[in-house]
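Okay, structure first, notes after.
Derivation of every value follows stated rules applied to the coordinates shown; laboratory data play no part. All values reported here derive from a predicted model rather than from experimental measurement. Because the Cβ atoms are built from the backbone with ideal geometry, glycine has one as well, and the counts that use them run over all protein chains shown.
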Amino acid sequence: MTTQRLRVLVVEDSLTIRKRLVEVLSADPGIEVVGEAADGLRGVELCRALRPDVVTLDMLLPHMTGVEATEQIMANFPTPILIVSASTNRGDLFKTYDALAAGAVDVLDKPTGDEIDDDWERRFVAAVKLVARIKVITHPRARLPGYSRAPGLAEPEVAPRPAGSGGRVVALGASTGGPGALVQVIGALPRPLPCPVLFVLHINEPFGAAFAEWLERQTGHRVVQARDGDRVAALAGRVTMAPAGVHTVVRRGVLRLTAEAERHSCRPSIDSLFESLAAEHGASVVACLLTGMGRDGAAGLLEVRRAGGSTFAQDEATSVVYGMPREAAILGAAGRVLPLGEIGPAVAGLLRASHGRAP
C-alpha cells in the first residue's frame, strides 16, 4: 500500500533560498512540494487553492508580510505553518513571535550557506514532518469543565493548604503554541504583580533571544531573563523567563541555572522548575501547564499539587497541541482544566486574595 506523501507549500521571496528549500524537500520520498510563492499574498492564494498539509513561510515578504499571511491562513483555512526565517535582528525576531502568537506552529532558522554538513537539511525535513502531525483545523471536541482524572487512576495525595498561603509564587510552562498562550495568561495578571512569576518556554535558539522583551511589550508587565543567584523573593513585581540551554530551578530561595541532563529532550525543563518550587514553596505555588507537545511539566505539576499548591492545565479545545496538558490531566496533576481565556483570570483571583491577606 502506498503511503500518501506530505504536501508542502513553500513561501519565500528569495529565489535562491526558495529553490534550496524545494530541493531539500523534494529529495525526501515522503514529501511533495505542491506549490511555491514569492510573496505573502500569493502564498495565501495558493494555500486556499491547494490546501497543502504544511506551509513553510518566511516573515519578510512583499505585498503581504509573513505575520499577515499567518493571520489570513489561520482565520480562513487553518494549516500547520513552519516559519523559516532569519534571526539576525530584533525586528525579525519580533515578527516571528507575532506569527507564533497568531497560530504558526514552529520556527526554524534559514540556511546561511555556511553549513558544512547536512545537519540543517535534516532539521528542516524533521521540522516539516513534525509540524504536519499537528491538527490545527477546528473541529468539535469535548470540553472539560474542570479537573477530571482518568478512570482507574488514584487521586493524588494532597498536602493540606494553610489558610492564606496560596498564590505567592506563580510558575508557567508552555511549548508549541506557547507565545500566544503566555500573552493571554500573563496579560490577565494584576498590575503591579504581587509576587514572582516564573516561566519556561520551549523555543529554539536563537529565536528565544528577544522573547522577554517582546512579551513585555505584549503584556505590559516587566519581563526579564533569569540569572543565577537571583533571590526569588526579590523577583516580585516582574515576570522571569528561564534562559535557553540551562535548567532554571529554585534552591534555598535562590534561582540556580544548571547544565544538568535534558529531561524529555528539553533544557530548560518545566518539570525541573515545577518540582523545585514544590519542594521549596509547597502550598504557596500556583502552577499552570499550557499548550505543548510531549509530556514535560506534567510530573512537576503533580508534585506542586501534592504539595498543596494550586494547579491548572489548559483544555484540549484551546490548545494548539494537547500534549503536555493532556499528560497532566491523565496523572491527576491538574486541579482545574480550563480554557486558555479563563486561566489568567483564575490565577489573578488567587493572587489578589493571597495578596490581600498577606501581612
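Here is how the numbers come out for the structure above:
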read-out	value
Residue-span extension gain [residue 236 to residue 3] - 0.36 nm each, minus C-alpha spacing	78.5 nm
Candidate lysines for bridging to residue 19, where Cα separation is under 20 Å - those fewer than 8 sequence places away on the same chain excluded	110, 129
Nearest-0.05 FRET efficiency for residue 123 and residue 279, computed from C-beta distance (R0 45 Å)	0.80
For residue 245, net neighbour charge (Lys/Arg +1, Asp/Glu -1) across residues whose Cβ lies under 13 Å away	-3
Principal-axis tilt of helix 90-101 within the chain, Cα atoms, nearest 10 degrees	80 degrees
The chain - convex hull of the alpha-carbon atoms, volume per residue in Å³	149 Å³
Computed [θ] at 222 nm, deg cm²/dmol, the chain (DSSP H ≥ 4; -39,500 (n - 2.57); rounded to nearest 500)	-11000 deg cm²/dmol
Rg followed by Dmax, in Å, when segment 169-357 is reduced to its Cα trace	14.4, 42
Residue exposure sequence - 193, 57 - by fewest surrounding Cβ within 10 Å	193, 57
Residue among 173, 120, 103 farthest towards the positive dipole end of the chain, charges placed on Cβ	173
Cα gyration tensor category, rounded, prolate or oblate, for segment 52-132 with a/c compared to 1.5	oblate
Added length on full extension, which subtracts the Cα-Cα distance from 0.36 nm per residue, residue 217 to residue 112	34.8 nm
FRET efficiency estimate (nearest 0.05) - Cβ-Cβ, residue 90 to residue 259, R0 25 angstrom	0.40
